[in-house]
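Throughout, read-outs are computed from the coordinates displayed, never taken from laboratory work. Keep in mind the model is a prediction, meaning the values are calculated, not measured.
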Amino acid sequence: MLVRSVDDITLEEVPAPVPGDDELLNRNTVVGVCGSDTHAAPGHHPFIDLPYRPGHEVLGVVTETGS
């Protein structure tokens, strides 16, 4: 998801990531929208510039590991 403004939010298709040697691949099952997201969408967050990708509160399952 990409938020350009509160009225311009789009879903994006991106290639499936491949974990690097010291990384994990996580299949997200739940993503929370919090106060930071609700302030950032209309451009009112002091540390988040538009455009941005919301949903930094994530719960998921590790599906792959790097070496």
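Normalised by the number of residues in the chain, the mean separation of alpha-carbon contacts (under 8 Å, six or more apart) gives a relative contact order of 46 percent.
log10 I(q)/I(0), Debye, Cα-only the chain, no solvent, q = 0.18, 0.27 Å⁻¹? Log10 of I(q)/I(0), two decimals: -0.78, -1.12.
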